[in-house]
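The structure appears right after this line, and notes come after that.
Since every read-out is calculated from the coordinates, none of them should be taken as a lab result. On a predicted model such as this, the values are computed, not experimentally measured, just so you know. Every residue, glycine among them, receives a Cβ derived from its backbone with ideal geometry; neighbour counts consider all protein chains shown.
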Amino acid sequence: MPERVVALAEAVDAQSSSRLRDLDTIARMTRMLALNALVEAARAGEAGRGFAVVAEEVKQIAERAAAISTGLSEELGPTVAELRDLGARLVSQVRGQRLADLALNAIELVDRNLYERTCDVRWWATDAAVVDAVTSFDPQALTTVTQRLGVILRNYTVYLDLWITDATGRVLANAAPDRWPGVVGSDVSGQRWFRDAVATPDGDAYAVQDVTASAALGSTVATYATAVRRGGQTDGEAIGALGVFFDWAPQTRAILDGLRLADDERATTRALLLDATGLVLAASDGAGVLTERLELRTDGETSGAYLDGGRTIGFARTPGYETYQGLGWYGCLIQER
């Protein structure tokens with residue numbers, strides 16, 4: 001463990017510093033005793049000459065001990081400092097790589113989830129009840145498709161609602177009319193998801209809109225849509241649109257909360273999902289969603305980590321999943337040191 005290297009470096013520094021201080025103290029005391037002995041020998045005159053020789057030897061030993069202590073301090077100091085610096089760099093690298101890996105894990109889970117949404121909308125747009133409702137506008141057909149959409153919504157709890165429109169953008173039916181009674185009859189012709197859906201070249205294509213705050217549904221949504229085509233055929237004429245509204249906040253919160261962080265890390269780590277411009281789409285602390293923007297220093301890399309003051313920032317760009325290429329979003333973790 002890199003943290004162990006740092007701990008050992010600090011322990012060696014503390015122990016060596018303590019022993020060197022002890023050696024310095026002994027050298028000073030020995031030198032003082034030798035000087036006192038030389039003074040007393042000088043006072044004794046001829047009788048103290050032999051004792052003076054011994055005192056001089058003791059003084060030289062004290063000086064050598066002091067020199068050894070100084071030399072050891074000069075040699076050990078840089079080595080211990082280098083060891084501590086190496087440990088700190090290793091800690092930073094390991095922590096940064098771990099955060100980048102967790103960021104990749106988060107964005108991959110989002111990609112896989114949203115890939116399924118692209119499959120859902122293209123599949124459901126060919127449902128016979130959906131095609132019949134858009135083709136006939138028959139009241140019974142609209143009742144049937146509303147019931148059909150309700151069944152789908154009850155079994156796919158990741159959605160807030162599903163809407164079917166005609167070719168002009170008028171909503172014909174939705175999955176939860178009791179919850180959202182004002183949807184049917186509303187005009188969505190000016191909304192991007194509808195325009196992009198009816199402009200898709202065939203039934204294999206879909207439209208996606210970045211996360212937005214939906215006034216109609218009272219929450220943040222990721223919208224996926226495609227055209228409803230005549231006869232449910234892949235190359236049929238676009239006669240309407242199907243839009244599905246992914247319940248963004250709770251689904252992504254579950255992903256961010258599920259990241260494998262130690263309990264003590266959670267208090268110092270903020271997990272984020274960012275769009276291609278750095279806009280916060282989701283945050284583990286719930287702050288800054290669709291209002292805060294973070295400028296990542298990626299240096300052209302798809303994944304990595306760097307230090308920013310007292311923080312370590314790990315990031316990973318969406319790799320996409322299967323046929324879903326992603327929207328250039330990032331997973332990001334910011335950990336206070």
*Using the beta-carbon distance between ASP275 and GLN140 and R0 = 35 Å, what value does 1/(1 + (r/R0)^6) give for FRET efficiency, to the nearest 0.05?*
0.25
*Calculate, for ASP204 and GLU301, the FRET efficiency according to 1/(1 + (r/R0)^6) with r their C-beta to C-beta distance and R0 30 Å; round to the nearest 0.05.*
0.40
_Rounded to whole Å, give me the distance from the Cα center of region 266-328 to that of region 89-150._
21 Å
_Sequence gap at least 6, Cα distance under 8 Å: using those rules, report the relative contact order of region 160-254 to the nearest whole percent._
29 percent
